[in-house]
Amino acid sequence: MSKIVACIDGSPAALAVCDAAAWAQQQLSAPLQLLHVLEKTDYPSESDMSGNIGLGTREHLLEELAELDNQRSRLMLEQGRFMLQEAQKQIEARGVASEQIDRLQRHDNLVDSLQENQADIRLLIMGRQGEAHARAANAVGSHLENVTRTLQQPILMALDGFSAPKRFLIAYDGSATANKALNMVAQSPLLKGVPCHLVMAGKRVERQREQLANAEKMLQGNGFDVTTATLEQEEVRPALLNYIKENEIELMVMGAWGHSRIRQLLVGSMTNWMLHNSPVPLLLLR
C-alpha cells in the first residue's frame, strides 16, 4: 500500500511537518513513514584523511582525527533517531495510532533516497526550509526545490502553524498540468469536505471561462463545494496572494513545473515563485 512520507530534520519546520503528517494520515487513512536522511555530503560515513598528512604529521594524530569524525557521525545518527522518536510522539498526540507509523533513518542523499522509493509514496511532506535555511526569510531549502523537480508524486510544503485547512484554493489556468492536478484533487480523499476556491488569473482569463465552468462542474460532481473566481489583473502572482488573504485561504493547490525549462528561463516559474512566497501551505501535483 502506498504511504505518506514525512521528512524530519532538526529545523523548526519539523513541527509543521508533524502536524501536516497527522492531518494527511487521518484524511487518507494511509500508513505514515517518518524519514530522516543523514546526508553523505555533510556527514560522510567514512573519511579518507590521507590527503591531510603533511610533513611532520604523526600517525596517532591522524587516528585521533578519524576517531573524532566517527564519533561525530555516530552522534548525528543518534540525534536523528531521537528526532524521529519525538516526531512520532507529536503525531500520536494528534490522534494517529502508533501502528500506523514507522520510522526510517538513512545515510544517503535525500533526493536519491526518495527517487529510489517514489513508487511507494502517496504523498510527501516537507518543510519550506531545512536546517541550513531555518533562519532565512522566504528561503527555500535546496532539497525542497530539487525534490519538487525530481519526484512525480504529490508534495505538500508545510509551513509553521499548520492546521487542518478550512478552505483551499486551486490555481487553475486550463493547461494540461492544471487539469491533471484538478483530477487528482477530485479523486483523492485528502481534501474531501473542504470548501474549494477555483481561481483563474490573468489578463486573458475571459477566453477561458468555459474551461473554468467545466472544471467547476467536474469538482461539484465529485462532491466538492466550489466557489469560482476570475482575477483579470495582468500580474497573476500578487493577484493570487491578495485573493488568499482576502478569502482566508489556508492551503493552495497547483500543478507543478508545467512549462518547459526554456519557458521557465524566459518568463520565470510560477512553481518556484510560490515555493518562496506562498503565505499558506502548498500542495504541488505533477
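The values are calculated or read from the model by the stated rules, or taken from the named source; none is laboratory data. Since this is a predicted model, take the numbers as computed values, not measurements. As a convention, Cβ positions derive from the backbone with ideal geometry for all residues, glycine included, and neighbour counts pool all protein chains shown. We work out accessible area using only protein heavy atoms, side chains counted, and drop any ligands, DNA or RNA first. Shrake-Rupley method; radii C 1.70, N 1.55, O 1.52, S 1.80 Å.
Numbers for the structure displayed
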| item | result |
| --- | --- |
| Residue within the range 101-117 that is touching a Gly at 6+ places or on another chain (Cβ under 6 Å), modelled with pLDDT of 90 or more and either open to solvent by less than 70 Å² (accessible area, probe 1.4 Å) or assigned to a loop (DSSP other than H, G, I, E, B) (or both) present | yes |
| Residues of the range 243-259 satisfying the condition of being open to solvent by 20 Å² or more (accessible area, probe 1.4 Å) and either farther than 20 Å from L284 by Cα or assigned to a strand (DSSP E or B) (or both) | E246, N247 |
| Leading residue by the ranking (nearest to L110 (Cα to Cα)) among those in the range 20-42 that are open to solvent by 10 Å² or more (accessible area, probe 1.4 Å), part of a helix (DSSP H, G or I) and in contact with a strand residue (DSSP E or B) (Cβ under 7 Å, 6 or more places away or on another chain) | Q25 |
